[in-house]
1. For mean projected area of the Cα convex hull in nm², pick the label among (i) 20.2; (ii) 19.1; (iii) 22.7 that corresponds to the value derived from the coordinates.
2. So if I place +1 on the C-beta of Lys and Arg and -1 on the C-beta of Asp and Glu, and nothing else carries charge, what would the dipole magnitude of the chain be about its Cα centre? I want it in debye, nearest 20.
3. Apply the Karplus curve 6.51 cos²θ - 1.76 cosθ + 1.60, θ = phi - 60°, to the phi angles in the stretch 282-289 and return the couplings in whole Hz, x for Gly and Pro.
4. When the chain is treated as a GNM, springs tying every alpha-carbon pair under 10 Å, which of D95, D227, D308 comes out with the largest mean-square fluctuation?
5. Hey, what did the stretch 167-272 get for relative contact order, percent, Cα under 8 Å, at least 6 apart?
6. For the chain, what is the accessible area per residue in Å², given a 1.4 Å probe and the full set of protein chains?
7. In the chain, what percent of the accessible surface is made up of carbon and sulfur (1.4 Å probe, ligands and nucleic acids excluded)?
8. Assuming a ≥ b ≥ c are the square roots of the Cα gyration tensor eigenvalues, decide whether the stretch 109-160 counts as rounded (a/c under 1.5), prolate (otherwise, with a/b larger than b/c) or oblate.
Amino acid sequence: MTDVADLTRELVAIPSHEDETAAGDAIEAWLRRETDADVTRDDAGNVIARKGTGDVSFALVGHHDVVPPADRQTEGDSYVVEERDGRLYGRGTADMKGSVAAAMCAFRDADPACELLFVSFVGEEIGGVGARAAIDDGFAPDYALVGEGSTNYTGDDVTDVVVAHKGRRGSTIVAHGEATHASVPESGVNAVYRACDAVDLVREMAFPEAEVLGNEVQGSVAVTGIDGGSAWNVIPDRCEITVDERTVPGERVALEAVEEIEGVEWTVDQDLPPMECDDEAFADTVLAAARDAQANAPELTTKPHATDAGWLSQAGTTCVVAGASEPGEAHTESESVSIDVLERCYRLYLNAAESVGAD
């Protein structure tokens, strides 16, 4: 056994939902102590380590921020970490300090045939702040394995390799009208009616679809909120609609069409990019690393959630995703990760780190 579980406990105990500094300090100190790599901390707080040389660069990527914990997940100034039935429980065990710890240990132990990087970003949970800052500063490895969840996607007790995931575009539709007294509605323009026309248009829009390395990815679009009107006897002059769209590589829903309705405007509030692996040979290399790391048979698959792999892919890095988190674990009050799967991810990451660039 490696020290992955112990390192996971150490990282998980450090609060990092409001300020990631202490967690970044711990990661940086461990890398400086345990490796002879070139370790840096950029202005955003990202921790980046490099070792080895070669014709290609390959990064093991994670993030050390977490979503706010539940009350039961904190005790004093620390997060609670518990071990039961072969699992570690606590905020950040699954998403994703467990995989960060596995990647750190694999980075330390690997004898790479490439330039090998380890990076832990800040701000993933709030829109990829750290990843975007690093990209703006020139962070551009040829390949990356992002350690977000891929366990139990295609079957039980298997850690798969994700070659595509959806993005998320959140937007707002605002319908404008002209207020008047409700007793004479014909003298105004009802913004709610215009908003209803926009909702009807969104409802009829086809979901986007894409295919990545033989895997189908289907997006979606849905109205998730509507707010309009100020009083029971006033024709509303404004109505706001929120829309959640799950994007797929290369395809978007044509939401801009709602602006063809008089008095309606559409704005994008958040746009997390989807990811697609554009190199089948690289995907197969990581899949082989995954197969050698476990008894069961992993597959190439897709993921419904956006990750920092989307930002990296958009910037030109060829990405896959593979990590310890299972469906339903992230962001929950009972968040946990399997210790055996952490060890599996360590082997997967180590295999990949020593395979990329070896041919």
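The values are calculated or read from the model by the stated rules, or taken from the named source; none is laboratory data. All figures in this text were calculated on a predicted structure; none of them were measured in a lab. Here the Cβ positions follow ideal geometry from the backbone for every residue, glycine too, while neighbour counts run over all protein chains shown. SASA here: full protein model, heavy atoms, side chains in, ligands and nucleic acids out. Shrake-Rupley method; radii C 1.70, N 1.55, O 1.52, S 1.80 Å.
1. After the calculation, the listed value that fits is (i).
2. Taking the Cα centre of the chain as origin, the dipole is about 380 debye.
3. Ordered by residue, 3J(HN,Hα) equals 5, 4, 5, 5, 5, 4, 4, 5 Hz.
4. So, out of D95, D227, D308, the one fluctuating most is D227.
5. Taking the mean separation of contacting Cα pairs over the length of the stretch 167-272, I get 43 percent.
6. On a per-residue basis, the chain sits at 43 Å².
7. Roughly 43 percent, rounded to a whole number.
8. The shape class here is oblate.
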